[in-house]
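One structure is given below, encoded as structure tokens.
The values are calculated or read from the model by the stated rules, or taken from the named source; none is laboratory data. Note that the coordinates shown come from a computational prediction; the quantities given were computed from them, not determined experimentally. No Cβ is skipped: glycine too gets one built from the backbone with ideal geometry, and neighbour counts run over all protein chains shown. Note: areas computed on protein heavy atoms with side chains; ligands, DNA, RNA excluded. Shrake-Rupley method; radii C 1.70, N 1.55, O 1.52, S 1.80 Å.
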There are 2 protein chains.
Amino acid sequence: MDDVARLAGVSTATVSRALRGLPTVSTATRERVLAAAEQLDYAVSPSASRLAGGRTGTIAVVVPRITRWFFGTVVEAVEEFLHEAGYDLLLYNLGGREQTRQRVLRTTNLPKRADGVILVATPLRPTDLTALAALDLPGVTISSGSAVPGWPCVRIDDVATARTATRHLLDLGHRRIAHISGDPDDELAFTTHLDRRRGYQDALHAAGVRPDPSLDVESQFTIDGGARATEELLRRGDPPTAIFAASDEMAMGSISTLREAGLRVPQDVSVIGVDDHDLAGVLGLSTIAQPAADQGRLAARLLLDPLRATTLDPLRASVLGPLGAPLDPAAGDGTATTSVILPTRLVVRESTAPPRAH
Amino acid sequence: MDDVARLAGVSTATVSRALRGLPTVSTATRERVLAAAEQLDYAVSPSASRLAGGRTGTIAVVVPRITRWFFGTVVEAVEEFLHEAGYDLLLYNLGGREQTRQRVLRTTNLPKRADGVILVATPLRPTDLTALAALDLPGVTISSGSAVPGWPCVRIDDVATARTATRHLLDLGHRRIAHISGDPDDELAFTTHLDRRRGYQDALHAAGVRPDPSLDVESQFTIDGGARATEELLRRGDPPTAIFAASDEMAMGSISTLREAGLRVPQDVSVIGVDDHDLAGVLGLSTIAQPAADQGRLAARLLLDPLRATTLDPLRASVLGPLGAPLDPAAGDGTATTSVILPTRLVVRESTAPPRAH
DNA sequence: CTGAAAGCGCTTACAG
DNA sequence: CTGAAAGCGCTTACAG
């Protein structure tokens with residue numbers, strides 16, 4: 001930076017300002033600095049910049065399992081948004097390891113590594129919430145059960161989504177509709193499966209069908225979880241004519257088990273999932289599509305907008321107007337949790353049909 | 001850190017040494033420092049540590065698309081290894097954006113952000129190689145077409161893998177065997193599809209079958225790419241009795257198209273892929289399984305072992321012996337490229353069967 | 001085995 | 001609009 005300053009005939013302070021685009025630099029000076037930096041192929045040292053400026057230019061993204069469709073898709077969208085904005089992405093994949101969760105949420109002194117964090121479907125205990133609040137770090141959650149005070153939350157309406165899926169099966173004439181969802185080991189405040197179960201029950205009630213507990217099986221949100229839940233369902237005898245799986249991956253596991261058991265989909269059993277997984281089309285799986293990439297992009301934006309606004313000179317920020325303004329007015333007060341709810345939509349393919357008796 | 005030093009009654013230099021486990025600290029002192037740090041809930045500032053020490057404690061991981069099975073699985077394994085070793089992971093998802101590739105490989109001054117880089121199946125032009133060499137950064141490639149001088153490479157034997165797949169089809173009695181693979185837009189030095197094509201042709205030749213160019217279609221390594229390649233194949237008339245797809249995702253797209261065209265798998269057309277994708281079982285897809293997670297773990301280890309060795313005091317490193325030693329002696333000379341080749345294995349499921357005429 | 005001191009390369013009040 | 005100077009919080013020779 002000294003070299004650049006010398007070449008441009010200014011101080012390093014001015015080089016710093018010019019390179020960051022601060023408005024308090026005359027156009028002529030800025031151009032001279034930029035030219036000098038270019039000529040010397042200079043780029044600021046992130047380490048020094050962080051230490052002196054207190055900003056890391058990095059966002060931490062925490063997902064349960066990057067290999068699952070929803071999380072991979074979210075991360076891809078977040079990554080693109082962040083990198084286009086000049087931010088780096090630190091990836092934390094919990095992978096079911098409780099200790100990792102602890103480390104990420106506590107010890108890691110995240111605030112010194114990142115300017116903000118995006119928590120995707122990360123289960124949070126009350127103590128975790130306290131820990132997060134203590135970090136005093138900007139953050140956004142995606143499809144999180146437990147809202148973090150002051151953090152925006154991007155998600156879909158899980159209850160409505162489940163209702164739509166169940167109603168689709170009801171409309172086809174099904175009455176014995178099973179539901180596979182949830183994680184039995186999950187004593188954490190992760191409510192996605194609870195919400196989806198509620199929507200399922202709501203829809204049944206609205207149609208005058210009393211939910212049969214023996215048709216409601218808990219398992220993991222994975223292919224394997226869906227397979228095992230379906231095995232359990234079949235083991236109980238008197239199988240359902242339709243299954244609403246809480247995710248496409250569960251639905252795929254379910255279909256696999258049904259076929260192995262000699263049951264045809266949809267002739268013997270209809271199956272519907274949630275997600276619109278990349279492979280849903282290949283498998284002919286009916287589903288409720290949710291916009292995973294949009295949720296990622298939006299979360300990244302909600303996180304970055306305020307960060308970028310405070311980076312700007314206050315004067316300029318007021319001139320820029322909308323750029324600095326939070327997407328939702330309510331997000332501004334620092335403690336309220338703004339939920340942005342994105343729409344889902346029914347996609348009917350070949351895995352759902354009227355029951356045979358019809 | 002000043003506080004810790006004061007509480008422990010030593011200098012900050014000693015605190016620094018004790019906390020990093022350097023061997024030049026007496027046990028008593030170390031314990032006092034650790035206790036003080038614990039008591040004050042102290043953790044070093046990464047920014048300051050980086051600036052002063054020159055090490056970032058971070059590894060950059062570059063993948064083409066995190067949403068594809070192979071890359072997601074690799075990243076998950078790498079993430080676990082890195083975090084257990086106390087390193088952070090910076091994710092770069094190329095996503096087909098050429099400019100991102102440029103930025104990552106050049107401008108980003110990677111060496112100031114990461115201590116090393118893992119390049120997963122990243123196409124490299126000769127100029128990229130020059131750029132990488134100029135970075136003077138430790139790195140490892142996974143399944144890269146172009147070897148980077150001095151970097152270890154972890155991969156499978158693509159030629160042998162393709163040969164095995166093709167031979168499986170030949171053994172079943174197929175003679176009209178199509179191949180879908182490759183990226184027609186790929187003028188980069190990414191050789192995976194070339195190697196797989198060669199294995200395919202080798203196997204045909206060995207069986208006395210002359211490869212039919214009209215049965216060899218190029219497309220993308222995706223579900224959609226497989227679907228389109230298969231459409232093209234059917235459009236050409238006189239369809240094959242079997243298809244060897246260069247990846248499971250392509251195979252899945254292929255199956256989808258075949259079914260839409262009214263062809264049954266495997267009765268009318270057999271299909272085999274490469275990967276052993278999570279959903280290969282659900283789809284009954286025969287495939288050549290490759291160890292994606294193992295490749296990720298191994299790459300991370302090959303990258304970290306030398307880094308950690310140089311972090312240690314030379315004296316201690318020699319005491320520790322094997323820890324500091326490179327996995328492969330040849331990896332040590334700094335310019336040779338060591339390839340570690342992991343085994344693949346044929347997994348026969350329901351998508352392959354003898355041709356009907358049989 | 002330990003400490004004093006320099007220095008890593010920036011950013012930020014502060015003053016002008 | 002710009003500069004001089006302090007300081008961000010560590011690590012590392014160097015000396016002992």
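Under 6 Å by Cβ, and 6 or more places apart or on different chains, what pairs join a residue from segment B:229-256 that is within 14 Å of chain A (Cβ to nearest Cβ) and touching a residue at least 60 places away in the same chain (Cβ under 8 Å) with one that is aromatic (Phe, Trp, Tyr) and open to solvent by 10 Å² or more (accessible area, probe 1.4 Å)?
B:Ser247/B:Phe221
Identify all residues within segment B:263-312 that are open to solvent by 20 Å² or more (accessible area, probe 1.4 Å), in contact with a Phe, Trp or Tyr (Cβ under 7 Å, 6 or more places away or on another chain) and in a helix (DSSP H, G or I); write none if there are none.
Of everything in segment B:263-312, those that are open to solvent by 20 Å² or more (accessible area, probe 1.4 Å), in contact with a Phe, Trp or Tyr (Cβ under 7 Å, 6 or more places away or on another chain) and in a helix (DSSP H, G or I) turn out to be B:Arg297, B:Arg301.
Being more than 9 Å from chain A (Cβ to nearest Cβ) and assigned to a loop (DSSP other than H, G, I, E, B) is the filter here, so list the residues in segment B:67-86 that pass it.
If the condition is that a residue be more than 9 Å from chain A (Cβ to nearest Cβ) and assigned to a loop (DSSP other than H, G, I, E, B), then B:Ala85, B:Gly86 are the ones that fit.
Taking the conditions exactly as written (farther than 12 Å from A:Val271 by Cα, buried (at least 19 other Cβ atoms within 10 Å of the Cβ) and touching a strand residue (DSSP E or B) at 6+ places or on another chain (Cβ under 6 Å)), does A:Gly182 satisfy them or not?
Spelling it out, A:Gly182 is indeed farther than 12 Å from A:Val271 by Cα, buried (at least 19 other Cβ atoms within 10 Å of the Cβ) and touching a strand residue (DSSP E or B) at 6+ places or on another chain (Cβ under 6 Å).
Could you please find all residues in segment B:1-14 being part of a helix (DSSP H, G or I), more than 8 Å from DNA strand C (Cβ to nearest atom) and of a type outside the set (Asp, Glu)?
B:Val4, B:Arg6, B:Leu7, B:Ala8
Looking at the structure I just gave you, is A:Thr29 closer than 27 Å to A:Asp115 by Cβ, open to solvent by less than 70 Å² (accessible area, probe 1.4 Å) and not assigned by TED's automatic domain parsing to the domain that holds A:Leu89?
no
May I ask you to list the residues in segment A:50-66 that are in contact with a Gly (Cβ under 6 Å, 6 or more places away or on another chain) and not in a loop (DSSP other than H, G, I, E, B)?
Listed by number, the list holds a single entry, A:Ile59.
Only one of (1) more than 29 Å from the chain's Cα centre (by Cα); (2) in the same structural domain as B:Leu119 (by TED's automatic domain parsing) fails for B:Leu172. Which number is that?
(2)
Across segment A:195-211, what is the total count of residues that are more than 13 Å from A:His179 (Cα to Cα) and either in a helix (DSSP H, G or I) or hydrophobic (A, V, I, L, M, F, W, C) (or both)?
4
Within segment B:15-49, how many residues are outside any loop (DSSP other than H, G, I, E, B) and within 8 Å of DNA strand D (Cβ to nearest atom)?
The total comes to 7.
Checking A:Phe221 against (1) more than 10 Å from every other protein chain (Cβ to nearest Cβ); (2) within 24 Å of A:Thr122 (Cβ to Cβ); (3) not in a loop (DSSP other than H, G, I, E, B), which single condition isn't satisfied?
(3)
Against the definition (on the phi > 0 side of the Ramachandran plot and open to solvent by 60 Å² or more (accessible area, probe 1.4 Å)), how does B:Gly150 come out, yes or no?
no
Here is a check on your reading of the model: is A:Arg197 of a type in the set (Lys, Arg) and modelled with pLDDT under 95?
Taking the combined requirement at face value, the residue satisfies it.
So if I check each of B:Thr24, B:Thr107, B:Thr12, which one is at pLDDT below 90, open to solvent by 40 Å² or more (accessible area, probe 1.4 Å) and not assigned by TED's automatic domain parsing to the domain that holds B:Ala133?
B:Thr24
Hey, can you tell me all the residues within segment A:237-262 that are open to solvent by 30 Å² or more (accessible area, probe 1.4 Å) and in contact with a Leu (Cβ under 8 Å, 6 or more places away or on another chain)?
A:Pro239, A:Ala261
For segment A:57-76, does any single residue satisfy the condition of being of a type in the set (Asp, Glu) and either near DNA strand C (Cβ under 8 Å from one of its atoms) or free of Cβ contacts under 8 Å to residues at least 12 places away in the same chain (or both)?
For segment A:57-76, residues of a type in the set (Asp, Glu) and either near DNA strand C (Cβ under 8 Å from one of its atoms) or free of Cβ contacts under 8 Å to residues at least 12 places away in the same chain (or both): absent.
Scan segment B:34-52 and tell me whether some residue there is facing chain A (nearest Cβ under 8 Å) and either open to solvent by 40 Å² or more (accessible area, probe 1.4 Å) or under 18 Å from the mean Cα position of the chain (by Cα) (or both).
yes
Within 27 Å of B:Gly150 (Cβ to Cβ), more than 16 Å from DNA strand D (Cβ to nearest atom), within 11 Å of chain A (Cβ to nearest Cβ) and surrounded by 22 or more Cβ atoms within 10 Å (Cβ to Cβ): does that describe B:Ile118?
No; evaluated as a whole, the condition is false for this residue.
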